[in-house]
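*Asks:* Sharing a structure, written as C-alpha cells. Questions coming.
The values are calculated or read from the model by the stated rules, or taken from the named source; none is laboratory data. This one's a predicted model, so the numbers in the text were calculated from it and none came from an experiment. All Cβ positions, glycine included, derive from the backbone under ideal geometry; neighbour counts span all protein chains shown.
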Amino acid sequence: MILYNENNPYASKWLRALSEAGHIAHGKVDDRSISKITSGDIAADVTQFHAFAGIGAWSFALRLAGWPDDVPVWTGSCPCTPFSVSGQRKGAADARHLWPAWFALISKCRPPVIFGEQVVSPLGRLWFDAVSADLETLGYAVGASDLCAASVGAPHIRQRLFFVARLGDSKRERISHEGSGRADSSQAEMQEAGQRQWLWPDIGQPDNALPDFWEDCEWIDCSDGKRRPFKPGVRPLADGPSRRVGRVRGDRAGRMRGYGNAIVPQVAAVFIRAFLESM
C-alpha cells in the first residue's frame with residue numbers, strides 16, 4: 001500500500017484526484033499534520049510513504065525514473081519556509097520545522113531508502129547538516145546534490161538540495177522491472193517519455209536547445225509584480241484532474257499555489273536515476 005501525508009486541504013483534494021486518476025501511484029491520503037501520525041498509523045503493508053506530499057510530485061518522479069510502485073521507499077520535502085531567504089529565517093525555532101516529527105517516524109519504521117529535498121540557502125544547508133547527522137546515527141548512508149530546474153531545460157532556476165539516505169543493512173540489489181518489481185506499461189511509457197523529452201540534455205542535443213515540453217510554457221503575472229512560468233515541470237499531473245480540483249481556489253492562483261509547493265519531478269527523476277545507477 002502507498003500512503004500520502006498532506007494536511008493542506010486544497011493540496012490533499014488535488015492529491016486524491018491525481019491518485020484516483022492514475023497520474024501518480026494509487027494510494028491512501030492522510031490529511032493530518034505529520035506531528036499527529038505515529039508509527040502505528042503506518043501499517044506493515046505500507047511500501048511507500050510520501051510525507052509532506054503536496055500534489056504527489058515525488059511519486060511522479062519515482063515513476064519517471066523507473067522506480068516501480070511496489071518497491072519500498074519514503075520521500076518527503078519538509079517545509080522550506082523556516083529556511084528560505086524569502087521567509088522570516090527562524091530556522092529550527094520556527095513551528096513549521098517538521099523534520100523532528102518525520103525523523104521520529106523514520107526512527108521507528110526504518111525505511112530502506114529515503115529521498116528528500118530542501119531549499120539551497122545558508123539555513124537550508126545547516127538544516128541538511130542536522131538531517132544528515134540524525135540519519136547517520138540510525139545507520140543510513142547519506143548523499144546529496146545541488147540541482148536546479150534549468151538543468152533539465154526548464155525556463156526557471158528553482159535551486160534545490162536533493163538528498164538520499166540508504167539504510168546500511170538494506171540489500172544492494174538493483175531496482176528491477178522483472179518479477180514482482182516489474183513496472184506496468186504506463187510507467188514504462190512514462191519513463192521512456194521522460195528520457196526522450198523531459199530529462200534534458202540528451203547526448204547529441206544542441207546546448208542551446210530546449211525540450212518541446214518547455215517551449216510553450218505560460219507566464220503568470222503574480223501579485224508581487226513578477227512573471228513566472230506556469231509550467232514548472234508538473235503540468236502533466238494536472239491533466240484531467242485539474243478540471244475537478246485545480247480550480248478549488250478559483251483560477252491560476254490556486255494552481256500556482258499547488259505547483260509552487262511542489263518539486264520539479266524531472267529534476268528529482270535525474271537524481272533518483274543516478275542513485276539507481278550507483279547501486
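*Asks:* For the stretch 27-38, state whether one or more residues are free of Cβ contacts under 8 Å to residues at least 12 places away in the same chain and among the hydrophobic types (A, V, I, L, M, F, W, C).
*Replies:* Among the residues of the stretch 27-38, not one is free of Cβ contacts under 8 Å to residues at least 12 places away in the same chain and among the hydrophobic types (A, V, I, L, M, F, W, C), which makes the answer no.
*Asks:* Any idea which of Ala11, Ala44, Ala25, Ala17 is modelled with pLDDT under 95, in a loop (DSSP other than H, G, I, E, B) and either farther than 24 Å from Glu277 by Cβ or touching a strand residue (DSSP E or B) at 6+ places or on another chain (Cβ under 9 Å) (or both)?
*Replies:* Values: Ala11 fails: in a loop (DSSP other than H, G, I, E, B); Ala25 fails: modelled with pLDDT under 95; Ala17 fails: in a loop (DSSP other than H, G, I, E, B).
Only one candidate qualifies: Ala44.
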